[in-house]
Amino acid sequence: MNIELKILDFIQTLHIPILDKIMVWITSLGDAGMIWILLTAIFLIMPKTRRTGSIMLAALLVQTILCNMVLKNLFARTRPYDVNTTIQLLVPKLQDFSFPSGHTSASFTIVSALYFAKDSLWKPALVLACLIAVSRLYLYVHYPTDVLGGVILGILSGYAGYRIIAYIAKQKQRKNHAEDQRIN
């Protein structure tokens, strides 16, 4: 953890007031995954993007369960600002554990869900996801390995969401085929 604190402390030397405001705003986009939930809802509403929205929803459900209910409690990692108490935070202290980064994992869940769904929006989503991930380090609320763990969890969750929807579609197709056979 010592090297991770050194990395975070180095990032603290980059602070300037305008960047502080930008990073607080960027990280707020990922608060409770709201930007990703909103994007998922929009995709679910529109018939043309409903399949992609379904993948995003399934992926976010997997990510939320794994990140917030399993991994954070399993690892119970103290946040860096609780280890280095000299840091003046730009955001309120959080009440949950540090590993993995929920902001980062939700962001990369949507990026990978869009990628596996073959939706070109994955590219701009990747840019925002990377900015959110960096903001978590800049704001001293996560260690680098928390963010890396969030990226990995997000990619795996996006893939899981894709596979879940593919499985459901295959089951529906089998059911429809069986009904067609029965009618004919």
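Quick rundown of the values:
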item	result
Scope the stretch 82-103; condition in contact (Cβ under 8 Å) with a residue 60 or more places away in the chain and touching a Lys or Arg at 6+ places or on another chain (Cβ under 7 Å); matching residues	His103
Residue under evaluation Gly53, criteria (1) at pLDDT 95 or above; (2) closer than 18 Å to Val151 by Cα; (3) surrounded by 20 or more Cβ atoms within 10 Å (Cβ to Cβ), criterion not met	(2)
Those helices (runs of 4 or more DSSP H) lying entirely in the stretch 1-82 with at least 3 residues touching a Phe, Trp or Tyr at 6+ places or on another chain (Cβ under 6 Å) and closer than 14 Å to Ser135 by Cα	none
Every pair of residues 6+ apart whose Cβ atoms lie under 6 Å, when the first sits in the stretch 1-21 and is among the acidic types (Asp, Glu) while the second is part of a helix (DSSP H, G or I) and surrounded by 10 or more Cβ atoms within 10 Å (Cβ to Cβ)	Glu4/Pro144
Identity of the residue in the stretch 100-121, within 14 Å of Ser157 (Cβ to Cβ) and either of a type in the set (A, V, I, L, M, F, W, C) or modelled with pLDDT under 95 (or both), that ends up surrounded by the most Cβ atoms within 10 Å (Cβ to Cβ)	Ala113
Of all residues making up the stretch 103-120, the number that are farther than 11 Å from Gly161 by Cβ and either under 11 Å from the mean Cα position of the chain (by Cα) or β-branched (Val, Ile, Thr) (or both)	7
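The values are calculated or read from the model by the stated rules, or taken from the named source; none is laboratory data. Just so it is clear, the model here is predicted, and its values are computed rather than measured. No Cβ is skipped: glycine too gets one built from the backbone with ideal geometry, and neighbour counts run over all protein chains shown.
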